[in-house]
Amino acid sequence: MANRVTINADMPAGTINRNIYGHFSEHLGRCIYEGIWVGEDSPIPNTNGIRNDVVAALRNINIPVLRWPGGCFADEYHWKDGVGPRESRKRMINTHWGGVVENNHFGTHEFLMLCEMLECEPYISGNVGSGTVQEMSEWVEYMTFDGVSPMAQWREENGREKPWKLKYFGVGNENWGCGGSMRPEYYADEYRRYQTYVRNYGGNKIHKIACGPNVADYNWMEVVMREAHRMMDSISLHYYTVPGEWHAKGAATGFSEDEWFVTLHKALYMDELIKRHSTIMDKYDPDKRVGLVVDEWGTWFDVEPGTNPGFLYQQNTIRDALVAGLTLHIFHEHCDRVRMANIAQAINVLQSVILTEGEKMVLTPTYHVFDMYKVHQDATQLKAEFESEPYVRGGQSIPQVSVSASKDAEGRIHVSLCNLDNANGAEVAIDLRGLAASGLTVTGTELTASAKDAHNTFEQPDAVSPKPFREFAVNGTSVSAKLSPMSVTVLELSAV
Ligand code: AHR
């Protein structure tokens with residue numbers, strides 16, 4: 001058996017920040033409107049305008065943090081248009097995403113109410129590209145000031161007396177592109193200026209996140225870190241897995257075996273990106289005070305035929321589940337630097353965890369990975385040595401199996417395994433060392449499918465859903481498992 005993993009139960013390798021399991025919701029397509037916000041008068045069951053089924057589903061996966069309002073939308077968003085009586089809020093054109101009318105019905109109060117319902121941290125992206133320093137500063141004052149001030153008074157008039165707690169604030173989004181087409185030197189100076197006025201009021205302490213690079217723009221990371229690292233708490237990174245080219249990305253379903261392989265191969269590139277960006281960060285921040293926040297990641301395919309190209313609506317298959325599983329493993333591995341990640345996007349956009357159609361809702365294979373993996377949130381990452389069989393196609397090779405292990409507060413060990421090969425099963429020998437026990441009890445859950453583009457529909461919502469996994473044998477503190485082709489498996493190991 002050539003897939004072998006040794007897990008060192010006595011060698012902690014850092015904490016897996018639960019915020020790595022974060023999400024992103026932009027005013028884009030049907031993410032906010034229909035996906036989250038249906039309005040108080042909707043026949044879709046809702047609480048104060050927010051749909052109940054979506055809130056329950058997101059709470060079930062312990063969503064730790066939610067990013068809003070964009071994305072590209074953030075640098076065109078003027079928050080004052082989105083507070084006060086809804087019927088008199090300004091309407092605007094969402095120029096980035098389909099040119100549709102944005103009625104601003106979902107604004108600051110609605111977003112922060114949603115986060116309270118989800119019991120998650122809000123992460124707000126401010127407008128650097130087309131907004132002013134004053135506008136950004138007043139937004140923070142509006143949300144968090146606990147004394148007498150013009151913004152606090154306006155907040156009260158709009159129905160919220162007490163300030164909210166707001167921890168995460170992004171100073172711009174993709175300012176190298178849709179957020180203002182800036183050079184890194186210019187953005188670094190703008191960052192320094194804008195962040196000066198992002199104040200901490202009362203007991204509220206803001207964690208400031210600078211706009212980081214697109215994919216492998218190492219020069220952006222170098223310049224922004226050099227010029228501004230002392231004034232930031234984190235810096236972002238964006239990387240999407242696109243099997244083809246931007247003009248022809250590839251379909252979300254009905255893809256070839258080559259596209260299957262290339263998608264997983266490209267997803268693994270996240271590891272190199274984090275390593276190389278971290279090396280630059282180490283130069284300016286050897287103590288790793290500054291976090292790396294991968295606040296946009298996931299698959300990006302061609303939109304579903306017949307849907308608005310600006311809405312970025314795509315199906316989600318077992319292939320997406322594997323991209324999610326292996327990417328989360330990469331984040332675990334780099335948990336010393338990666339403190340947050342936000343998959344794009346929560347509902348009806350790109351690699352969603354939830355799809356809706358009117359009152360119907362379906363959970364995607366990616367949702368199930370977030371559900372199965374929630375045991376890793378805030379757990380201790382365990383050092384593991386791993387040898388995998390190669391998975392080879394078209395002269396390229398990637399590991400067949402991806403593994404990550406953690407220990408939770410109760411001492412249970414969770415091992416997650418992804419078999420990336422769509423055609424062949426994988427046998428894995430797991431040895432647990434450093435455990436003060438002579439035996440183990442093991443339970444398992446598996447997500448797999450019989451076709452490589454299997455997905456859940458409104459008619460068949462459970463076509464791809466987790467099942468108990470029993471294909472393993474235990475011998476003392478060793479476990480041998482037989483993974484199905486194209487599968488994500490989580491084992492729970494408890495000492496006896
Ligand atoms: O997630 C979709 C878009 O991708 C975001 O608005 C933007 O930040 C990125 O380019």
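State the number of residues belonging to the range 6-38 that are more than 16 Å from the ligand (Cβ to nearest atom), part of a loop (DSSP other than H, G, I, E, B) and either of a type in the set (A, V, I, L, M) or surrounded by fewer than 17 Cβ atoms within 10 Å (Cβ to Cβ) (or both). Residues flagged as more than 16 Å from the ligand (Cβ to nearest atom), part of a loop (DSSP other than H, G, I, E, B) and either of a type in the set (A, V, I, L, M) or surrounded by fewer than 17 Cβ atoms within 10 Å (Cβ to Cβ) (or both) within the range 6-38 amount to 2. Residues in the range 182-233 that are within 16 Å of the ligand (Cβ to nearest atom), in contact (Cβ under 8 Å) with a residue 60 or more places away in the chain and crowded, with 16+ Cβ neighbours inside 10 Å: Ile209, Cys211, Gly212, Pro213.
Checked against the criterion of being within 21 Å of Ser352 (Cα to Cα) and surrounded by fewer than 19 Cβ atoms within 10 Å (Cβ to Cβ), the range 79-92 contains not a single residue that satisfies it. So which pairs qualify, if the first residue must be in the range 151-180 and at positive phi, the second must be at pLDDT 95 or above and crowded, with 18+ Cβ neighbours inside 10 Å, the Cβ gap must be under 6 Å, and the two must be at least 6 apart or on different chains? Listed by first residue and then by second, the contacts come to Gly172/Val128; Gly172/Gly179; Gly172/Cys211; Gly180/Gly129. Collect the residues in the range 138-174 that are within 16 Å of the ligand (Cβ to nearest atom) and part of a loop (DSSP other than H, G, I, E, B), keeping them in residue-number order. Gly172, Asn173, Glu174, listed by residue number. Count of the range 301-314 residues, restricted to those that are in a loop (DSSP other than H, G, I, E, B) and either in contact with a Cys (Cβ under 8 Å, 6 or more places away or on another chain) or more than 15 Å from Glu26 (Cα to Cα) (or both), is 9. Here Gly98 meets the list (1) within 16 Å of the ligand (Cβ to nearest atom); (2) surrounded by fewer than 23 Cβ atoms within 10 Å (Cβ to Cβ); (3) assigned to a strand (DSSP E or B) almost entirely, failing just condition (3).
Residues in the range 45-87 that are within 15 Å of Met136 (Cβ to Cβ) and in a helix (DSSP H, G or I) were compared, and the one that is farthest from the ligand (Cβ to nearest atom) is Lys80. Criterion applied to Pro390, Pro365 was being away from the ligand (no atom under 16 Å from the Cβ) and farther than 19 Å from Phe469 by Cα, and the one residue passing it is Pro390. The single condition from (1) free of Cβ contacts under 8 Å to residues at least 24 places away in the same chain; (2) under 25 Å from Gly99 (Cα atoms) that Ala251 fails is (1).
Scanning the range 95-109 for residues that are farther than 30 Å from Glu161 by Cα and more than 23 Å from the chain's Cα centre (by Cα) returns Thr95, Gly98, Gly99, Val100, Val101.
The values are calculated or read from the model by the stated rules, or taken from the named source; none is laboratory data. Predicted model only: the values in this text are computed from it and were never measured. Neighbour counts are summed over all protein chains in view; Cβ atoms, including those assigned to glycine, are modelled from backbone coordinates with ideal geometry.
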